[in-house]
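Structure, as structure tokens:
The values are calculated or read from the model by the stated rules, or taken from the named source; none is laboratory data. For clarity, every value in this text was computed on a predicted model and none was experimentally measured. No Cβ is skipped: glycine too gets one built from the backbone with ideal geometry, and neighbour counts run over all protein chains shown.
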Amino acid sequence: MPTLEWIGKSKVVNHHQEVPFRVLERQYSFDEMGKHTEDNGSDNMIIHGDNLEALKALLPQYEGRVKCIYIDPPYNTGEEKWCYNDNVNDPRIQRWLQETLKGQPVGKEGEDLTRHDKWLCMMYPRLMLLQKLLADDGAIFISISDIEFANLRLICNEIFGASNFIATFIWRKVDSPNDNKVPITPDHEYILLYGKNPSLKKFKQLEAPGIVNAYGFVDEQGRRYRDRLVKKNGRNSLRTDRPTMYFPIIAPDGSEVYPIHDNGEEARWAMGKDGIAKHIAAGTLVWKRRNRMGKEVWEPYSREYAPQNPSRPYPTIWNDLATMRQAKAFLKSIFGVTDIFSTPKPHELIERILQMISDPDVIVLDSFAGSGTTAHAVLNMNKMDGGHRKFILVEMENYADTITAERVKHIITGYKTDSEAVLYDKEITTKNLAEGATLLEEAKAVAKEAKSAYSTVKAPQIIDGHLKVTAINKASDKVEGTGGNFSYYELGERLLLPDGNLNESIGTDKIRDYIWYTETKKPAVNQQNGSPYFLGENNHTAYYFYYEPDQICVLDYAFLSTIPEKAENYLIYADRCALSESDLLRFGITFKKIPRDIARV
């Protein structure tokens, strides 16, 4: 498989392993009753901090559990001012970062010859951690533009596997003419879709009730159906094209019927013998008499009944969704100012993704959270279908609380928003093109008359081939909230100090969860057997963390006597071991010394 090389790649492909584990410190919780210092038990999380460290912090609880990931990373336009500032320990890359990257914004194309290297160095370890968090039947959606599309596709092939690529969606992000006076305008963005194991991932289809109209007949039971010739027509329809599909089918009168075109050429059936046998068994192979070249002949048809829930796969071109203009207008209605984000995503875009995922109980992760669009979509979907989706947002910028979390608060409790109305809409065609001046005057008249009834009335515009007049009305009624809750977190201290010792200040519970995760790669669960040092049992092995911050803990016969239940094997952490090698072998015990033997992942 082709792979992509860039400056610094060899130093970042395993960088995710060197990122320290940090604890997540809850700052407050929020629900329909407002903000609370006490924990409300919410599984929804908004995390402020570098997403590389935040993703690493999520591993002990969420590795392999996230079924839907959506990210909207920097597009590397040269205008975003993002910095590459990860703590890469290799001295050579440290020197390179210090000289060319550390703390320096990424420059524009032509001004910064390493800008694409920087972007790849930033993205690669984050995608590695996202891959670990993704469930086996999960999917990751990544928004991107032309600038880094090709590079992203190649590193995703490397990280997720080329065979796990599912689709590239094209989202039309604008709905009005671009007046930048450039010859070609980028009206779309891409969304790359990969799965952890696509064979396990089932996507819901798009409801399509119009499909039923293609079934033009109704049987005695009232079921709509259509009949299709079993004989292949069109391209590749000759016997020589598929010889194995030229065989006789027994007609109702006992005669053998072969596929023959009206001009006498030997044809072929549209399916093989197994397919024919299935239709015969199901009673959906029907025969009709027709005239061919003056002679009555039998023709077999396959009968297809209309689906009870008509649907079709989602298309890869999305030009039926809200655009960035609507997304900006929504943010303005919430915060009262324009251009909080230059390229926000509409919540309808994320809702489309959640509709495809279809599972109403998924965990949805967005590690480039921005204004909180993903949480908005999750809360909306839960309200619409009664689902229990959970969101985890990560935002490194300082607006994580004042914008990201603030928006989610408004969605939960309700908000006021402007409403847009279309007052005039006339399609411009070749037939009425000559009447353009008259239509424009009509539109102007409508706009003038509406000024007293609306807060803002826009001048007539041609949008998608339609002459339109739109108006904005300031909301006087509050939009009902979705309900829900979340907790807000900051990245806390490291679990392990630089010298390898346990950071005792973070508390024993967090250390216990970390130990369990490093040994089992599973989230901590509340397993109890009466021993305060018991972590849990996994694959016939009982795990114990015999640790007290203010004393030396020794694995000896006295400690063994406190173990209440017998297991096939034991893994026990302690400061010292007083048992002999033969004793450890006899009891099936693996001893690990605190803290030097604690695994790193």
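Residues of region 268-303 that are in contact with an Asp or Glu (Cβ under 9 Å, 6 or more places away or on another chain) and either of a type in the set (A, V, I, L, M, F, W, C) or not in a strand (DSSP E or B) (or both): ARG268, THR284, VAL286, TRP287, MET293, TRP298. Pairs meeting the criteria (first residue in region 444-455 and within 14 Å of LYS468 (Cβ to Cβ), second residue at pLDDT 85 or above and of a type in the set (Phe, Trp, Tyr), beta carbons under 7 Å, at least 6 apart or on different chains) are VAL446/TYR424. Just wondering, is there one or more residues in region 531-550 that are under 40 Å from the mean Cα position of the chain (by Cα), part of a loop (DSSP other than H, G, I, E, B), on the phi < 0 side of the Ramachandran plot and free of Cβ contacts under 8 Å to residues at least 12 places away in the same chain? Yes - at least one qualifying residue is present in region 531-550. Taking the conditions exactly as written (over 21 Å from THR404 (Cβ atoms) and loosely packed, with under 15 Cβ neighbours inside 10 Å), does ILE317 satisfy them or not? When the stated conditions are applied, ILE317 passes them.
Here's the yes/no breakdown for (1) free of Cβ contacts under 8 Å to residues at least 12 places away in the same chain; (2) more than 27 Å from GLY370 (Cα to Cα); (3) in contact with a Phe, Trp or Tyr (Cβ under 9 Å, 6 or more places away or on another chain); (4) not assigned by TED's automatic domain parsing to the domain that holds LEU58:
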residue: GLU435; (1), (2), (3), (4): yes, yes, no, yes
residue: THR438; (1), (2), (3), (4): yes, yes, no, yes
residue: ALA459; (1), (2), (3), (4): no, yes, no, yes
residue: THR470; (1), (2), (3), (4): no, yes, yes, yes
residue: TYR489; (1), (2), (3), (4): no, no, no, yes
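How many residues are of a type in the set (Gly, Ala, Ser) and in a helix (DSSP H, G or I) if we restrict to region 387-441?
Initial filter on region 387-441 (of a type in the set (Gly, Ala, Ser)): 387, 400, 405, 414, 419, 421, 434, 436-437.
Add one more test, that the residue is in a helix (DSSP H, G or I), and what stays is 400, 405, 434, 436-437.
Here the count works out to 5.
Checking each residue in region 16-41 for being more than 21 Å from LEU365 (Cα to Cα) and at pLDDT below 90 picks out only GLU18. Remark: ALA369 falls outside the filter, which requires a residue to be among the small types (Gly, Ala, Ser), touching an Asp or Glu at 6+ places or on another chain (Cβ under 6 Å), under 30 Å from ILE144 (Cβ atoms) and at pLDDT below 95.
Residues are listed down the side, and each one gets a yes or a no for (1) touching a Cys at 6+ places or on another chain (Cβ under 8 Å); (2) exposed (fewer than 15 other Cβ atoms within 10 Å of the Cβ); (3) among the acidic types (Asp, Glu); (4) not assigned by TED's automatic domain parsing to the domain that holds ASP72:
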position	(1), (2), (3), (4)
ASP262	no, yes, yes, yes
LYS278	no, yes, no, yes
ALA329	no, no, no, no
LYS332	no, no, no, no
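Out of the residues in region 345-369 meeting the condition of being part of a helix (DSSP H, G or I) and out of contact with any Phe, Trp or Tyr (no Cβ under 8 Å at 6 or more places or on another chain), tell me which one is surrounded by the most Cβ atoms within 10 Å (Cβ to Cβ). Please lay out each step first, then the result.
Of the residues in region 345-369, the ones part of a helix (DSSP H, G or I) are 347-357.
From what is left, the residues that are out of contact with any Phe, Trp or Tyr (no Cβ under 8 Å at 6 or more places or on another chain) are 348, 351, 354-355.
Details: GLU348: 18, GLU351: 20, LEU354: 25, GLN355: 18.
Per the criteria, the residue is LEU354.
Looking across region 416-450, just one residue is surrounded by 14 or more Cβ atoms within 10 Å (Cβ to Cβ), in contact with a His (Cβ under 8 Å, 6 or more places away or on another chain) and not β-branched (Val, Ile, Thr), and that is LYS426. Test of understanding: among ALA405, ALA329, ALA375, which residue is aliphatic (A, V, I, L, M), under 22 Å from GLY34 (Cα atoms) and more than 18 Å from the chain's Cα centre (by Cα)? Result: ALA405 is the single residue among ALA405, ALA329, ALA375 that is aliphatic (A, V, I, L, M), under 22 Å from GLY34 (Cα atoms) and more than 18 Å from the chain's Cα centre (by Cα). Looking only at region 42-83, residues that are modelled with pLDDT of 90 or more and not in a helix (DSSP H, G or I) come to 22 in all. Residues that are without any contact (Cβ under 8 Å) to a residue 12 or more places away in the chain and β-branched (Val, Ile, Thr) are absent from region 13-36 altogether. Filtered by the rule that a residue be under 26 Å from GLY500 (Cα atoms), at pLDDT 90 or above and in contact with a Leu (Cβ under 9 Å, 6 or more places away or on another chain), region 547-569 gives TYR547, LEU555, ASP556.
For residues that are modelled with pLDDT of 90 or more and among the small types (Gly, Ala, Ser), scanning just region 522-546, find the one that is surrounded by the most Cβ atoms within 10 Å (Cβ to Cβ). Among those residues, the one meeting the criterion is ALA542.
May I ask you to verify whether GLU519 is surrounded by 13 or more Cβ atoms within 10 Å (Cβ to Cβ) and assigned to a strand (DSSP E or B)? When the stated conditions are applied, GLU519 does not pass them.
Any residue that is among the polar types (S, T, N, Q), on the phi < 0 side of the Ramachandran plot, touching an Asp or Glu at 6+ places or on another chain (Cβ under 7 Å) and not in a helix (DSSP H, G or I) - is there at least one of those in region 580-594? Spell out the reasoning first.
So the first thing to find is which residues in region 580-594 are among the polar types (S, T, N, Q), and the list is 580, 582, 590.
Retained after the next criterion (residues that are on the phi < 0 side of the Ramachandran plot): 580, 582, 590.
Pick out the ones that are also touching an Asp or Glu at 6+ places or on another chain (Cβ under 7 Å) and you get none.
Checked against the condition, which is being among the polar types (S, T, N, Q), on the phi < 0 side of the Ramachandran plot, touching an Asp or Glu at 6+ places or on another chain (Cβ under 7 Å) and not in a helix (DSSP H, G or I), region 580-594 yields no hits at all.
Could you tell me whether VAL297 is farther than 30 Å from GLU189 by Cα, modelled with pLDDT of 95 or more, surrounded by 14 or more Cβ atoms within 10 Å (Cβ to Cβ) and not aromatic (Phe, Trp, Tyr)?
Numbers: farther than 30 Å from GLU189 by Cα: yes; modelled with pLDDT of 95 or more: no; surrounded by 14 or more Cβ atoms within 10 Å (Cβ to Cβ): yes; not aromatic (Phe, Trp, Tyr): yes.
Against the criterion (farther than 30 Å from GLU189 by Cα, modelled with pLDDT of 95 or more, surrounded by 14 or more Cβ atoms within 10 Å (Cβ to Cβ) and not aromatic (Phe, Trp, Tyr)), VAL297 does not qualify.
Considering only residues that are of a type in the set (A, V, I, L, M, F, W, C) and at pLDDT 95 or above, which ones fall in region 143-161?
Let us first name the residues in region 143-161 that are of a type in the set (A, V, I, L, M, F, W, C), namely 144, 147, 149-150, 152, 154-156, 159-160.
Hits for region 143-161 are ILE144, PHE149, ALA150, LEU152, LEU154, ILE155, CYS156, ILE159, PHE160.
Taking the conditions (1) touching a strand residue (DSSP E or B) at 6+ places or on another chain (Cβ under 8 Å); (2) closer than 30 Å to ARG65 by Cα in turn, ALA578 satisfies each one other than (2).
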